[in-house]
Amino acid sequence: MRTRSNHNVVFRCAYHVVWCPKYRRQVIVDDERGGVDSRLKEIVTEVCVELGAELIELETMPDHVHLLVGIDPQFGIHRLVKTIKGRSSRLLRQEFPSLRSRLPTLWTNSYFVATVGGAPLEIIKQYVADQRNA
């Protein structure tokens, strides 16, 4: 991850974010014709590009999402997560009617976020990437 600037702040902030579907339902899966997993990754990537966030690593499990992302601290990680969760919920529920019938909303209101801090970024990146195998 590189040091970035927004004209008045120089920063290098990386965050590990985890969130779950409502009731921890295992709905983030792909089937034979594509699916929620692939489409969710596309949506997260689009939002990160649109908001100027640096998507470092992204991994989905059937019942939760791990995201390692760099974002301007003045923009705020909360705004990024809110935008990702809101847009992905709306689009996925439109595109996959089974999500509408199984869940009143796609995501829980809560999420976990931690700054990467002093941990080497490669270690955190490897942790997120290995979630599928754990």
*Kindly indicate whether Ser38 is closer than 17 Å to Ser110 by Cα, small (Gly, Ala, Ser) and touching a strand residue (DSSP E or B) at 6+ places or on another chain (Cβ under 6 Å).*
no
_Looking at Glu46, Glu42, Glu57 in this structure, which one is of a type in the set (D, E, K, R) and touching a residue at least 60 places away in the same chain (Cβ under 8 Å)?_
Glu57
*Search region 92-112 for residues that are touching a residue at least 24 places away in the same chain (Cβ under 8 Å) and more than 14 Å from His64 (Cβ to Cβ) and pair each with any residue that is surrounded by 13 or more Cβ atoms within 10 Å (Cβ to Cβ) and of a type outside the set (A, V, I, L, M, F, W, C) when their beta-carbon atoms are under 6 Å apart and the residues are at least 6 apart or on different chains.*
Leu99/Arg93; Leu103/Lys22; Thr105/Lys22
*Quick one: Tyr23 ticks every box in (1) among the aromatic types (Phe, Trp, Tyr); (2) surrounded by 14 or more Cβ atoms within 10 Å (Cβ to Cβ); (3) in a helix (DSSP H, G or I) bar one, so which box is it?*
(2)
_Quick check on my filter: what residues within region 5-51 are over 14 Å from Leu67 (Cβ atoms), at pLDDT 80 or above and among the basic types (Lys, Arg)?_
Arg12, Lys22, Arg24, Arg25, Arg39
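The values are calculated or read from the model by the stated rules, or taken from the named source; none is laboratory data. No experiment lies behind these values; they were computed from the predicted model shown. Quick reminder, even Gly has a Cβ in these numbers, built from the backbone with ideal geometry, and neighbours come from all protein chains shown.
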